Amino acid sequence: MARHSKNNTSNSVFSYAEYKKLDYGTKRQRIGVDSMRERLGCALCLQRVREPVACSEGHLYCKECIYTDLLEQKKEIKRQQATLEQMVREEEEERQKKLTEARERVLKDFEVRQLGLGSKTAMDAPAIMSDSTNTTEKKGKAENRE
């Protein structure tokens, strides 16, 4: 065996039989009239180009089509930015609301413990506070009547 036969680099990539199976065709079939035709259509409207404008990559556009498309893209970007800003504002407001509620809860718990009513559970604390204020008010009214 030759040295190159082990590497399998001495032969071409495809054999003759493999080329026939591909149905690759002749040069005339591969490079037909359609492939040589001029491409003068706008990439956006797919019509023949009126007032042609080309980008740096070589794509052709109608002047009107490209300006219209750019304006629509800018409007869409502005709309998306406004939506994003609104979502950020709503999240910030929600965060502030939760923070305020948490502070109020901590203050109520502190007040309940300072009144000496901390032996009950935190769930009962608002009820205890309302009961103690009601009894104080009742005592005050009873003293006023006497």
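Observations
- Residue tally, condition in a helix (DSSP H, G or I), of a type in the set (Ser, Thr, Tyr) and open to solvent by 100 Å² or more (accessible area, probe 1.4 Å), over the range 65-120: 1
- Residue that is at pLDDT 90 or above and in contact with a helix residue (DSSP H, G or I) (Cβ under 8 Å, 6 or more places away or on another chain), where the choices are Asp69, Asp109: Asp109
- Among the residues here, Cys55 does not qualify as at pLDDT 85 or above and in contact with a helix residue (DSSP H, G or I) (Cβ under 7 Å, 6 or more places away or on another chain).
The values are calculated or read from the model by the stated rules, or taken from the named source; none is laboratory data. Everything numeric in this text was worked out from a predicted model, so none of it was measured. Cβ sites come from the backbone with ideal geometry, for glycine too, and all protein chains shown count toward neighbours. With ligands, DNA and RNA removed, areas are computed over all heavy atoms of the protein, side chains included. Shrake-Rupley method; radii C 1.70, N 1.55, O 1.52, S 1.80 Å.
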